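Colleague: Before anything else, here's the structure in question.
No value in this document is a laboratory result; all are computed from the given coordinates. Small disclaimer: the values here were computed from a predicted structure and weren't measured. Note: ideal-geometry Cβ built from the backbone for every residue, glycine included; neighbour counts use all protein chains shown.
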Amino acid sequence: MTKEQIKEFTLRTSQANQSGLILVLTDIAVCHMKDSLNSYAAQDADAYEHSVELARRSVNELCASFAPADPLGARVIAILRFIYGKLNKSAIRGVPDELDRCVTMLDNLKVGFEHLHELDREGPVMKNTHQVYAGLTYGKGVLNESVSGVDVSTRGFKA
């Protein structure tokens, strides 16, 4: 994962509601799986193991986001457990075990998550964060972001 992707995921996380966080986790898991496939193709075993472990953590966190008591949630958890199992096999064997198929499965799930996100009208999960506005200003082809809207003196913990 590149530093730009990390910054993008951090920004999306700070501005997202609950359904938006599920989308971010899905994108992170897909990104780590693609990184592991690229590392395997480049024959970098250490990077491959690290990417698979990060993908496993992301899928595990994504699995914890759904309620097993809900019938639809139980189906999503079953799919995520299948993907988690493939990631475990990939980590143990040292070769990708259908990770490209798992990426496709997560992409298909993401379509449903995006539809649910469109219906979700809740506010952001993180409170007291800066509102980020992005737009093209005086940079040639550069996206400049500005932050405003929160009094910095009210942020953080007080002892």
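Colleague: When only residues in segment 83-112 that are farther than 13 Å from Ala55 by Cα and among the hydrophobic types (A, V, I, L, M, F, W, C) count, which is surrounded by the fewest Cβ atoms within 10 Å (Cβ to Cβ)?
Modeller: Top of the filtered list is Val111.
Colleague: Related question: Could you please let me know if Leu87 is among the aliphatic types (A, V, I, L, M) and within 24 Å of Gln18 (Cβ to Cβ)?
Modeller: Against the criterion (among the aliphatic types (A, V, I, L, M) and within 24 Å of Gln18 (Cβ to Cβ)), Leu87 does not qualify.
Colleague: Does any residue of segment 19-42 turn out to be crowded, with 18+ Cβ neighbours inside 10 Å, touching a residue at least 24 places away in the same chain (Cβ under 8 Å) and outside any helix (DSSP H, G or I)?
Modeller: Checking segment 19-42: not a single residue is crowded, with 18+ Cβ neighbours inside 10 Å, touching a residue at least 24 places away in the same chain (Cβ under 8 Å) and outside any helix (DSSP H, G or I).
Colleague: Here is a further query. Filter segment 73-95 down to the residues that are of a type outside the set (Gly, Ala, Ser) and touching a helix residue (DSSP H, G or I) at 6+ places or on another chain (Cβ under 9 Å) and list them by number.
Modeller: The answer is Val76, Ile77, Ile79, Leu80, Arg81, Phe82, Ile83, Tyr84, Lys86, Leu87, Asn88, Val95.
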